[in-house]
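Novice: Take this structure, written in structure tokens, and hold onto it; I'll ask about it next.
Read-outs: derived from the displayed coordinates by stated rules, not from any lab. Keep in mind the model is a prediction, meaning the values are calculated, not measured. We place every Cβ from the backbone using ideal geometry, glycine too, and count neighbours over all the protein chains shown.
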Amino acid sequence: MFKRKDLSIDFLGIHLEHPFILSASPPTDELEMAINGLEAGWAGVILKTTSVEGTEVDLKYPMMSSFGTTSKRIVGLGNIDLISKYHIDEVEKRVKILKERFPEKLVGASIMGAKKEDWQTLVYRLKKAGVDLIECSFSCPQGSMGESPGRMLAQSVSATEKVTRWVKEAAGDTPVLIKITPQVTDIVEVAEAVKRGGADGITASNTIPSILGIDIYSFEPYPTVFGKSSYSGLSGNAIKPITLRTIAEIKKNVDIVVSGNGGAYSWRDAVEIMLVGASNVQFCTLPMHYGFRVIESLLSGLSHYLEEMNFSSPMDIVGKSLPRIIPNEELPEIEVKAHIDEDKCVGCELCYVSCRDGGHMAIELREDTRVPRINEDKCVGCAMCMQVCPVNAIHMVEKMDSKEHRFVRK
Amino acid sequence: MEKSLISHMMDEERAVMEAERCLFCYDAPCEKKCPAHLPISRFLFMVRSKDFVGATKLVRDAHAFINTAGYVCPEEMLCQTACTRSQIDSPVNIREVHRFLTDNFDVERYLSLPAMDKEEIAIIGGGPSGLSCAFELRKMGYKPVVFEESELGGIPVQEIFEERLPYGVIRKDTDFIVKNFVYEIKREKTTEIKPLLNKYKAVFIAIGLTKETELKIKGMELKGVYKARDLLRKIKRKENLPDLGERIGIIGGGNVALEIANTLKTLFPDREILIIYRRGLSDMKAFPEEIERAGRIGVNFYFQSIPEEIVGEGKVEGIKVSQTKLVKRDESGRRKPERIERSEFVIPLTSLITAIGQKIEEVFPEIEKERGVIKVNENLMTNIPGVFAGGDVINGGDTITRAVGDGKTAAKKIDEYLRRKKDV
């Protein structure tokens with residue numbers, strides 16, 4: 001009944017019907033699930049990381065844990081999962097089946113190897129099966145195989161460059177993405193190594209090593225596997241701010257394509273990830289939480305956002321925010337004051353107590369009403385009050401070029 | 001029909017989820033609406049992080065009848081009316097979280113009371129107000145002496161329907177207070193106040209309202225006319241009820257009327273229970289939750305109907321009422337009913353229960369009264385220095401939490417009074 005907006009993009013020469021794909025993760029670890037995901041409307045899948053036959057994959061259960069509040073169960077999701085238990089013999093069959101059934105969709109595969117021969121064998125066999133794209137996991141928090149097990153490959157600049165070169169050498173025309181970790185001292189060095197190695201792009205990024213929590217009564221870390229646990233890979237909405245920073249830093253310093261991954265829980269998050277430079281966005285935790293059906297709202301939201309902003313293609317928003325990310329010392333010094341919208345205020349006085357004990361004691365209570373007042377002489381414009389207001393009744397007013405700019409939380 | 005007269009029971013997850021809805025307002029408005037000044041925002045913040053013991057300590061300390069209040073405190077007309085969350089969606093279900101705490105956590109083992117080295121104070125009446133006063137006085141080191149001839153607990157223990165407020169719940173409160181907060185219980189009826197002042201430094205009168213107002217119309221002598229609180233007491237004691245028949249009329253629009261109506265409808269779901277009230281729905285003084293429940297379980301209402309006479313030969317056969325129109329508001333803000341001439345009609349009934357108000361028993365002639373209740377000043381002191389009063393006996397019948405609040409205030413005022421006397 002309604003006209004549908006064209007959301008198609010070109011990603012490393014591959015036509016995608018829209019920018020949202022399923023990442024190398026549990027949702028793509030069974031053929032049937034990958035089929036269901038593509039049928040539900042996802043633009044592509046990257047099959048869960050596979051390895052050469054004979055590689056031992058000892059999965060431990062339970063592997064999932066999460067943190068959040070009682071009303072918002074999953075803010076962050078953690079896993080002690082490993083690469084797929086399916087080896088390349090199975091995955092190459094799946095690539096063929098999926099490509100046959102979904103010629104218009106992106107069918108990618110993620111790989112991990114120990115030595116040059118493994119990496120290159122995996123690439124040759126996937127290419128032969130007709131894969132559209134190869135992603136290399138250099139960043140599984142459980143560590144990489146090969147020279148320094150337990151350590152992530154992408155934590156070594158030289159190893160990153162070397163292995164990238166092996167893979168790209170074998171891949172030829174097939175696009176190669178290197179999936180990196182934000183857990184490094186200098187993300188730019190790693191991105192540069194990927195580029196020098198000849199990869200086509202970077203997947204930024206992977207889960208982040210973490211401990212999801214501890215049972216304070218038994219001292220057991222989560223997820224508890226018979227009383228003990230290991231470091232988990234953290235995903236979910238909690239890591240979005242880290243993903244945004246990681247991508248922005250890469251894109252500001254290295255000329256390379258980025259596939260965004262980590263923390264998108266809505267189309268809005270996905271747009272943010274594209275605004276800092278990602279060309280497409282991979283999802284995992286969101287469909288794991290609510291199912292593949294969430295693609296409907298992702299596409300709807302993105303379409304209406306583009307309409308509203310007058311963009312003809314999702315590609316037009318890629319990197320739009322990058323020029324606005326600058327070093328702290330270059331930020332202008334301006335006069336900012338908080339402003340309370342009296343009609344919206346519900347009178348909880350949280351801004352008052354927050355400013356009193358954590359700001360600059362610049363909010364005052366009034367006798368006749370529970371709507372507090374900003375003392376403009378004391379307000380430095382830190383915007384803490386704006387963060388605590390439960391109904392968005394506070395915004396900041398910036399006075400610059402003798403004009404008033406409003407800074408509103410959305 | 002609903003299975004239980006007790007509102008939704010929460011488990012741990014639901015209690016935390018509900019507590020997370022609390023905005024944790026500064027200077028929380030809900031707390032000001034609580035007559036017992038429950039530290040609502042503070043206990044909900046502890047529930048958020050699952051410190052249920054800490055939260056239970058806070059509520060246990062604040063309210064002598066905290067278990068009872070968890071079941072029957074009308075939050076919808078007290079704390080919830082000021083909940084800031086209602087401006088966003090709906091108020092926090094404060095009572096349900098508090099009941100989750102008091103039903104599941106016992107903090108008695110943490111008690112640490114000061115030595116009882118202060119004066120003995122006489123408390124007349126062992127209901128919510130009297131025991132609350134004892135509770136607070138004991139915390140300050142006084143020796144509370146409670147005068148009560150019947151079972152401790154007052155109206156909750158004597159009249160509130162078992163299915164709405166289980167007996168064991170009230171006993172949790174009264175046992176806790178008797179065991180830890182009462183110096184002595186005197187099982188005797190008090191008729192004079194002055195002699196008590198020879199032995200006790202101060203007296204707190206909290207005898208409640210024991211007499212029911214009589215309806216003054218023709219036919220009150222007929223068989224089948226009853227008073228609501230007499231019946232409620234019989235039901236609570238599990239005594240045999242008189243045969244009320246198939247169509248039971250109840251006159252009144254307050255909490256007692258709703259309590260007997262809902263109790264009878266629950267006991268006899270197939271009988272007709274009719275509330276006959278001279279004003280309109282919005283003028284009823286009963287708790288909104290109980291009015292809503294009455295509608296839900298099938299109690300019927302005749303609004304704007306004023307009783308003229310009870311009809312019947314030897315026994316009740318019906319009540320003749322006139323219709324009323326509601327004219328300008330009285331001092332309570334409610335519309336006044338005015339009889340419409342020649343509008344009489346007869347409602348056929350098999351029995352009639354009156355629940356039109358209560359009054360103080362004729363005692364303590366030396367204590368000044370006003371409009372059927374004991375007159376007190378802002379310190380809850382009566383006309384006799386050192387004699388204080390609180391609860392239903394000063395307010396004409398209100399909530400348990402208000403009675404508890406009065407007991408709390410009285411204890412504070414008694415303490416101030418005695419300190420002042422010492423200074424002089």
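Novice: What translational diffusion coefficient, in µm²/s and rounded to a whole number, does the Stokes-Einstein relation yield for the range B:12-109 at 4 °C and a viscosity of 1.567 mPa s, taking the hydrodynamic radius as the Kirkwood radius over Cα pairs?
Specialist: On the way: Rh = 13.0 Å.
My calculation gives 99 µm²/s for D.
Novice: Assuming 0.36 nm per residue, please report the length gained on full extension of the stretch A:Thr224 to A:Ser402 beyond their Cα-Cα distance. Intermediate values should be presented prior to the final figure.
Specialist: Values: separation 178, 0.36 × 178 = 64.08 nm, distance 5.89 nm.
Fully extending the segment from A:Thr224 to A:Ser402 adds 58.2 nm.
Novice: Taking only the alpha-carbon atoms of chain A, what semi-axes of the equivalent ellipsoid follow from 5 times the gyration tensor eigenvalues under a square root, in whole Å, largest first? Write down the numbers at each step before the final one.
Specialist: Working: eigenvalues 346, 121, 91 Å².
Each semi-axis is √(5λ); the values are 42, 25, 21 Å.
Novice: Using only Cα positions of chain B, each an equal point scatterer, no hydration layer, compute I(q)/I(0) via Debye at q = 0.07 Å⁻¹ and quote the log10 values to two decimals.
Specialist: -0.37
Novice: Can you tally the lysine pairs in the range A:68-140 where the Cα-Cα distance is under 24 Å and the two residues are eight or more apart, or on different chains?
Specialist: Total qualifying Lys-Lys pairs in the range A:68-140 comes to 23.
Novice: Can you give the helix-only mean residue ellipticity at 222 nm for the protein assembly as shown, where every DSSP H stretch with n ≥ 4 adds -39500 (n - 2.57) and the sum goes over all residues, rounded to the nearest 500 deg cm²/dmol? Each step should come with its number before you reach the end.
Specialist: Numbers: 26 runs with 271 residues, N = 834.
The per-residue figure over the protein assembly as shown is -9500 deg cm²/dmol.
Novice: Under 5 Å between amide hydrogens, which residues at least 5 positions from B:Lys369 or on another chain qualify, with H placed 1.01 Å from N in the peptide plane?
Specialist: For B:Lys369, whose amide H was placed from the backbone, the distant partners under 5 Å are B:Lys375.
Novice: So if each residue of separation counts as 0.36 nm, and I subtract the Cα-Cα distance between B:Lys186 and B:Ile340, what length gain in nm does that give?
Specialist: Values: separation 154, 0.36 × 154 = 55.44 nm, distance 5.30 nm.
That pair, B:Lys186 and B:Ile340, stretches by 50.1 nm at full extension.
Novice: Additional query: Short version: ³J(HN,Hα) in whole Hz for each residue of the range A:338-344, in order, from phi by Karplus 6.51 cos²θ - 1.76 cosθ + 1.60 (θ = phi - 60°), x for Gly and Pro, what are they?
Specialist: 6, 9, 9, 7, 5, 6, 8
Novice: Rounded to a whole number of µm²/s, how large is the Stokes-Einstein D of the range B:53-109 at 20 °C and 1.002 mPa s, given Rh as the Kirkwood radius over C-alpha pairs? Please report the intermediate quantities before stating the final value.
Specialist: Details: Rh = 11.9 Å.
For the chosen part, D equals 180 µm²/s.
Novice: Need one number: nm distance between label points at B:Ile88 and B:Lys234, each 7 Å from Cα along Cα→Cβ, rounded to one decimal.
Specialist: It works out to 5.1 nm between the two label points.
Novice: Treat every Asp and Glu Cβ in chain B as -1 and every Lys and Arg Cβ as +1, leave all other atoms uncharged, and give the resulting dipole magnitude about the Cα centre to the nearest 20 debye.
Specialist: Details: 69 positive and 67 negative charges, 140 e Å.
For chain B, the charge dipole is close to 680 debye.
Novice: Here's a follow-up. Over 52 Å apart: what share of the alpha carbon pairs of the protein assembly as shown falls there, rounded to a whole percent?
Specialist: Values: 136749 of 347361 pairs.
So the pairs more than 52 Å apart make up 39 percent of the total in the protein assembly as shown.
Novice: Give the aspartates and glutamates reachable from B:Lys223 as a straight Cα distance under 12 Å; neighbours fewer than 8 places away on the same chain don't count.
Specialist: Cα-Cα hits under 12 Å: B:Asp243, B:Glu313, B:Glu317.
Novice: Here's something else I'd like to know. Once amide H atoms are built 1.01 Å from N in the peptide plane, which residues 5 or more positions from B:Thr354, or in another chain, come under 5 Å H to H?
Specialist: Long-range HN contacts for B:Thr354: B:Tyr226, B:Lys227, B:Ala228, B:Ile251.
Novice: How large are Rg and Dmax for the range A:326-410 when calculated on the C-alpha trace, in angstrom?
Specialist: For the range A:326-410, the Cα radius of gyration and maximum Cα-Cα distance read 13.1, 45 Å.
Novice: On each of the three principal axes of the Cα atoms of the range A:125-191, give max minus min coordinate, whole Å, ordered largest first.
Specialist: For the range A:125-191, the Cα spread along each principal axis is 36, 23, 17 Å.
Novice: Could you list, by residue number, the cysteines of chain A that have no other cysteine's beta carbon within less than 4.7 Å of their beta carbon?
Specialist: A:Cys136, A:Cys140, A:Cys284, A:Cys345, A:Cys355, A:Cys379, A:Cys382, A:Cys389
Novice: Next up: Taking Cα centroids, how far is the range A:1-44 from the range B:365-399 in Å?
Specialist: One Cα centre to the other: 76 Å.
Novice: Here's something else I'd like to know. Output the lone cysteines of chain B: those with no second cysteine's C-beta under 4.7 Å from their C-beta.
Specialist: B:Cys22, B:Cys34, B:Cys73, B:Cys83, B:Cys133
Novice: On to the next question. Rounded if a/c is under 1.5, else prolate if a/b is larger than b/c, else oblate: which is the range B:152-233, with a ≥ b ≥ c the root eigenvalues of its Cα gyration tensor?
Specialist: On the way: a/c = 3.94, a/b = 1.42, b/c = 2.77.
Cα axes put the range B:152-233 in the oblate bin.
Novice: Hey, another quick one. Could you give the nm distance between label points at B:Leu281 and B:Lys216, where each point is 7 Å from its Cα heading toward the beta carbon?
Specialist: Roughly 3.3 nm, to one decimal.
Novice: Using the Kirkwood radius built from alpha carbon pairs, what does the Stokes-Einstein equation give as D for the range A:251-410 at 25 °C and 0.890 mPa s, in µm² per second?
Specialist: On the way: Rh = 18.7 Å.
Rounded, D is 131 µm²/s.
Novice: Okay, next question. Of the listed pairs B:Lys285/B:Lys359; B:Lys186/B:Lys412; B:Lys285/B:Lys413, which have alpha-carbon separations greater than 25 Å here? It would help to have the intermediate numbers written out before the result.
Specialist: Working: B:Lys285/B:Lys359 17 Å; B:Lys186/B:Lys412 23 Å; B:Lys285/B:Lys413 30 Å.
From the list (B:Lys285/B:Lys359; B:Lys186/B:Lys412; B:Lys285/B:Lys413), the Cα-Cα distance tops 25 Å for B:Lys285/B:Lys413.
Novice: Something else about it: For the range B:140-201 and the range B:257-286, what is the centre-to-centre distance using only Cα atoms, to the nearest Å?
Specialist: 30
Novice: Take the alpha-carbon positions of the range B:196-305, form their convex hull, and give its projected area averaged over all directions (one quarter of the hull surface) in nm². Write out the running numbers ahead of the final one.
Specialist: Numbers: hull surface 40.0 nm².
For the Cα atoms of the range B:196-305, the hull's average projected area reads 10.0 nm².
Novice: Okay, next question. Check cross-link reach from A:Lys3 to the aspartates and glutamates: straight Cα distance under 14 Å, and skip same-chain residues fewer than eight apart.
Specialist: The qualifying aspartates and glutamates are A:Glu307.
Novice: Using θ = phi - 60° and the Karplus curve 6.51 cos²θ - 1.76 cosθ + 1.60, what whole-Hz ³J(HN,Hα) does each residue of the range A:115-120 get, with Gly and Pro shown as x?
Specialist: Whole-Hz 3J(HN,Hα) from phi for the range A:115-120: 10, 3, 4, 4, 4, 6.
Novice: At most 15 other Cβ atoms within 10 Å plus a DSSP loop assignment makes a site exposed; report the longest stretch of chain A without any exposed chymotrypsin sites (Phe, Trp or Tyr not before Pro).
Specialist: Working: sites that count: A:Phe2, A:Tyr217, A:Phe219, A:Phe226, A:Phe311.
Of all site-free stretches, the longest is A:3-216.
Novice: Taking a quarter of the surface of the Cα convex hull of the range A:100-241, what do you get in nm²?
Specialist: Details: hull surface 43.1 nm².
The directionally averaged projection comes out at 10.8 nm².
Novice: Next question. Could you check which residue among B:Val72, B:Val146, B:Val327 shows the biggest mean-square fluctuation in a GNM of chain B with a 10 Å Cα cutoff?
Specialist: Of B:Val72, B:Val146, B:Val327, the Gaussian network model singles out B:Val327 as fluctuating most.
Novice: Still on this structure, please answer the following. In whole Hz, with x marking every Gly and Pro, tabulate ³J(HN,Hα) for the range A:289-304 from phi via Karplus 6.51 cos²θ - 1.76 cosθ + 1.60, θ = phi - 60°.
Specialist: Coupling constants for the range A:289-304: 7, 10, x, 4, 4, 4, 4, 4, 6, 5, 5, 4, x, 4, 4, 6 Hz.
Novice: Using modelled amide H (1.01 Å from N, peptide plane; none on Pro or chain starts), what sits under 5 Å from the amide H of A:Gly381, excluding residues fewer than 5 places away?
Specialist: A:Ala338
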